[in-house]
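The values are calculated or read from the model by the stated rules, or taken from the named source; none is laboratory data. Treat the numbers as computed from the prediction; the structure is a model and nothing was measured. Cβ sites come from the backbone with ideal geometry, for glycine too, and all protein chains shown count toward neighbours.
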Amino acid sequence: MQAAIRSTVLAGLLCAVTSVAANAQAPRSQEAEMENAQRIADLVIAYKILLNEGVLDSFGHVSVRSATDPNRFLMPYALPPSLVSAEDVIEYGTSDSQPIDPRGRKVNGERYIHGEIYKARPDVQAVIHSHSQAVIPFSVAGVALRPVVVQAGFLPLETPNFEIREARGNERGMQVTTVARGAALAKTLGNAPVALMRGHGNVVVGTSVKQATVHAVYTDINARMQAASLALNGKIVVMNEPELFDPSEFDISRPWENFRQKILTADERAKIDRGQFGLEQTQKRQ
């Protein structure tokens, strides 16, 4: 967004962020509050993008770590993704994944996915859980999800697959609705950016909402391309280690804005800063 648009959005969201922070014990700076407002704005856009790209269904959820307290995260209460707005976001503690102040609202039962990953991974700033229909077959068919398209070069050579049966004990169900299940999922994820969840979907993490969103979309795209390739030939060529990329080698802004523009009006699209794209290291003549 341009500076004027960003200021308007952040000013409108600051009231919602102030409400979220009302019960915080530690003093919070205005700068950190504004950063939280931007994170919430990105979170709401992420829901719209992931719905539009077919990654989220009637369920699924996105969260972001709090900029004012790394031991807390921000996520909407229990809502269909299509209804999420900034005012629906509440704050949770990473220690137990419990809401700080739910304000009488029903919270998401799988909040433990988010809390336990934030607890285990200090580097993670955003978490997305989806039921991507393209990805789920790879979690149940005994075929590893591997990077096959260049934009999915963030994926590991073989994406880990979480088996709920190893963490469920004698309990019923496949949802991650306890600290123990969340911790087991976080252990399976390890240092990877993505983990499959057998018969349930996947979890994608990132250093920002934008990065996690773009990676979630390309995880879905990669799964579709891999399945299509396997349908042509059971032996396909996948990416190897030298073909994977470091985050600094991938311009997140380009796909984020490309996905975002699909949900904007023509006037909003015309105001996008067109000079923000491209990596500095690619400008030199090789």
Subset of region 93-136 that is under 15 Å from the mean Cα position of the chain (by Cα) and basic (Lys, Arg) - its residue that is farthest from Leu50 (Cα to Cα): Arg121
Among the candidates Arg224, Arg285, Arg181, residue that is out of contact with any Lys or Arg (no Cβ under 6 Å at 6 or more places or on another chain) and modelled with pLDDT under 95: Arg285
Test for Thr213: is it part of a helix (DSSP H, G or I) and among the hydroxyl-bearing types (Ser, Thr, Tyr): yes
Of all residues making up region 104-126, the number that are in contact (Cβ under 8 Å) with a residue 40 or more places away in the chain, within 21 Å of Tyr77 (Cβ to Cβ) and assigned to a loop (DSSP other than H, G, I, E, B): 4
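Yes or no, residue by residue, for (1) modelled with pLDDT of 95 or more; (2) surrounded by 15 or more Cβ atoms within 10 Å (Cβ to Cβ); (3) β-branched (Val, Ile, Thr):
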site: Glu171; (1), (2), (3): no, no, no
site: Asn191; (1), (2), (3): yes, no, no
site: Val194; (1), (2), (3): yes, yes, yes
site: Arg198; (1), (2), (3): yes, yes, no
site: Ser208; (1), (2), (3): yes, yes, no
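Matching residues to (1) touching an Asp or Glu at 6+ places or on another chain (Cβ under 7 Å); (2) at pLDDT 95 or above; (3) surrounded by fewer than 17 Cβ atoms within 10 Å (Cβ to Cβ); (4) on the phi < 0 side of the Ramachandran plot:
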{"position": "Ile5", "(1), (2), (3), (4)": "no, no, yes, yes"}
{"position": "Pro27", "(1), (2), (3), (4)": "no, no, yes, yes"}
{"position": "Ala41", "(1), (2), (3), (4)": "no, yes, no, yes"}
{"position": "Ser63", "(1), (2), (3), (4)": "no, yes, no, yes"}
{"position": "Pro70", "(1), (2), (3), (4)": "no, yes, yes, yes"}
{"position": "Val84", "(1), (2), (3), (4)": "no, yes, no, yes"}
{"position": "Tyr112", "(1), (2), (3), (4)": "no, yes, no, yes"}
Hey, Arg165 among the basic types (Lys, Arg) and surrounded by fewer than 16 Cβ atoms within 10 Å (Cβ to Cβ) or not: yes
Selection count, region 237-252, where residues are assigned to a helix (DSSP H, G or I) and at pLDDT 95 or above: 3
Residue within region 145-156 that is among the aromatic types (Phe, Trp, Tyr) and in contact with a strand residue (DSSP E or B) (Cβ under 7 Å, 6 or more places away or on another chain) present: no
1 or more residues touching a residue at least 60 places away in the same chain (Cβ under 8 Å), in contact with a Phe, Trp or Tyr (Cβ under 9 Å, 6 or more places away or on another chain) and charged (D, E, K, R): qualifying helices (runs of 4 or more DSSP H) within region 136-202: 179-189
Sole residue being of a type outside the set (Ser, Thr, Tyr) and within 24 Å of Gly54 (Cα to Cα), chosen from Val140, Val179: Val140
Breaking point among (1) out of contact with any Asp or Glu (no Cβ under 7 Å at 6 or more places or on another chain); (2) surrounded by 15 or more Cβ atoms within 10 Å (Cβ to Cβ); (3) not charged (D, E, K, R); (4) not in a loop (DSSP other than H, G, I, E, B), for His129: (1)
Near pairs, Cβ below 9 angstrom, 6+ apart or cross-chain, from region 239-260 (farther than 12 Å from Gln151 by Cβ and in contact (Cβ under 8 Å) with a residue 60 or more places away in the chain) to any residue that is among the polar types (S, T, N, Q) and not in a helix (DSSP H, G or I): Pro247/Thr207
Filtered residue count, region 48-97, keeping only those that are part of a loop (DSSP other than H, G, I, E, B), over 21 Å from Arg260 (Cα atoms) and aromatic (Phe, Trp, Tyr): 1
Test set (1) under 19 Å from the mean Cα position of the chain (by Cα); (2) at positive phi; (3) of a type outside the set (Val, Ile, Thr) - Phe162 fails condition number: (2)
